[in-house]
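Accompanying notes for the structure given below.
The values are calculated or read from the model by the stated rules, or taken from the named source; none is laboratory data. A quick note: this is a predicted structure, and the numbers were derived from the prediction, not measured. Cβ: placed from backbone, ideal geometry, glycine included. Neighbour counts: every protein chain shown. Calculation scope for accessible area: heavy atoms of the full protein, side chains included, ligands and nucleic acids excluded. Shrake-Rupley method; radii C 1.70, N 1.55, O 1.52, S 1.80 Å.
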Amino acid sequence: MTSSSPLPGPGPHVQPPALDLLGRTALVTGAASGIGRACALRLAAAGAEVRAVDRDVARLAELVEEAKRTDLAGTVVPRLVDLTDLDAAERTAVGTDVLVNNAGLQLVRPIEGFPPDVFHTVLTVMLEAPFRLIRGALPHMYAQRWGRIVNMSSVHGLRASAFKSAYVAAKHGLEGLSKTVALEGASHEVTSNCVNPAYVRTPLVEKQIADQAQAHGLSEQHVLTEVLLKDTAMRRLIEPEEVAEAVAYLCSPQASFITGTSLVLDGGWTAH
């Protein structure tokens, strides 16, 4: 560009559009507690009808009641589904506009003592079920040329830890699945991304602390500060609502060009 054609200056400040999911259907797995609960409430606040998938009847009922008390723009509809029933998982995802693959489980054991049946279950719930849910959701997303898939990975999708063979394997596999979906979905205006938090204040992490304490012969407080948060520069747990905001951002208009990547919320863990 010549000096006679200067670069244009910044235009007037424009307020970015808020997340508006009115008329959209979202599905969140593992929605009864922790990150899933926070995501379900956040997407319902944006106006979505949220299919809250879990197998915990009591906690699903509590979530629905909380959504009603909060007077959200959208709704939370409970869906009692065991994700080891892969056909049921795929059917549940049909017709969804937003899919959040969040459900997970954890067992902390050395490989030589890790029960093979638990390894199989972890991979089924955390990798095979997301594949089937995505498979169920994509035809509708492709037909309308809009869709958002958010896969709840972890810092353990990028790093490994001892005693977590099944969880680490599942999260690494989920990262690859998410990238493949991004490549296939790009021409249909469907995005697929991972969100990678460090340790979140959830029942799953609380159980992990107890398991690690037993495995290492340490107090639970010592496990929290010297084991779980050892590699985190910001030495605290992340709150579920912080993760839910990252999920919401990936569903926003501003994130329409973000796909095939991982949004890392690890407090500086992977900066080492």
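Show His156, His188, His172 ordered by accessible area, largest first, where the area counts protein heavy atoms only and the probe is 1.4 Å.
Numbers: His156 5, His188 50, His172 80 Å².
Of His156, His188, His172, the descending order of accessible area is His172, His188, His156.
For the chain, what is the accessible area per residue in Å² when the probe is 1.4 Å? All intermediate terms of the calculation are to be shown ahead of the outcome.
Working: 13040 Å² over 272 residues.
For the chain, the per-residue accessible area is 48 Å².
Please find, in a Gaussian network model of the chain (springs between Cα atoms separated by less than 10 Å), the residue of Arg37, Arg69, Arg135 whose mean-square fluctuation is greatest.
Highest fluctuation among the options: Arg69.
For the chain, how big is Rg over Rh, using alpha carbon atoms and the Kirkwood form of Rh? Walk me through the numbers before you get to the answer.
On the way: Rg = 19.6 Å, Rh = 19.4 Å.
Ratio of gyration radius to Kirkwood radius for the chain: 1.01.
What nm distance separates the two modelled labels at His120 and Ile258, each placed 7 Å from Cα along Cα→Cβ?
Spacing of the two 7 Å Cα→Cβ label points: 3.9 nm.
Tell me, what is the Rg over Rh of segment 102-179, with Rh the Kirkwood radius over Cα pairs? Let's see the in-between values first.
Details: Rg = 14.1 Å, Rh = 13.3 Å.
That ratio is 1.06, to two decimals.
Points 7 angstrom from Cα along the Cβ direction at Thr270 and Leu22: gap in nanometres?
Rounded to a tenth, the inter-label distance reads 3.7 nm.
May I ask you to rank Tyr249, Tyr142 by accessible area, largest first, using a 1.4 Å probe over the protein chains only? Write out the running numbers ahead of the final one.
Values: Tyr249 95, Tyr142 55 Å².
Most to least solvent-accessible, the answer reads Tyr249, Tyr142.
Pop out the carbon and sulfur fraction of the accessible area of segment 120-272 as a percent, whole number, probe 1.4 Å.
Working: 3920 of 6670 Å².
That fraction is 59 percent.
If ligands, DNA and RNA are left out, what is the accessible area of Arg59 with a 1.4 Å probe, given in Å² to the nearest 10?
100 Å²
I need the per residue convex hull volume for segment 11-136, using only the alpha carbons, in cubic angstrom as a whole number. Don't skip to the answer; put the middle values down first.
On the way: hull volume 18.4 nm³, N = 126.
Cα convex hull per residue, to the nearest whole number: 146 Å³.
Relative contact order (percent) for the chain, with alpha-carbon contacts under 8 angstrom and 6 or more residues of separation?
Numbers: 526 pairs, mean separation 51.6, N = 272.
With pairs under 8 Å counted, the relative contact order is 19 percent.
For segment 131-272, count the residues as N, evaluate 2.2 N^0.38 Å, and divide the Cα radius of gyration by that value, please.
Normalised by 2.2 N^0.38 Å, the Cα Rg of segment 131-272 equals 1.16.
Where does each of Ile111, Ile258 land when they are ordered by accessible area, with a 1.4 Å probe and the largest first?
Values: Ile111 130, Ile258 50 Å².
From most exposed to least exposed: Ile111, Ile258.
Tell me, what is the FRET efficiency for Ala186 and Ala215 to the nearest 0.05, using R0 = 45 angstrom and their Cβ-Cβ distance as r?
Working: r = 42 Å, r/R0 = 0.94.
Efficiency for this residue pair is about 0.60.
Expressed in whole Å with the largest first, what are the equivalent ellipsoid semi-axes of segment 62-111 derived from the C-alpha gyration tensor as the square root of 5 times each eigenvalue?
Values: eigenvalues 141, 62, 21 Å².
Working from the Cα gyration tensor, I get semi-axes of 27, 18, 10 Å.
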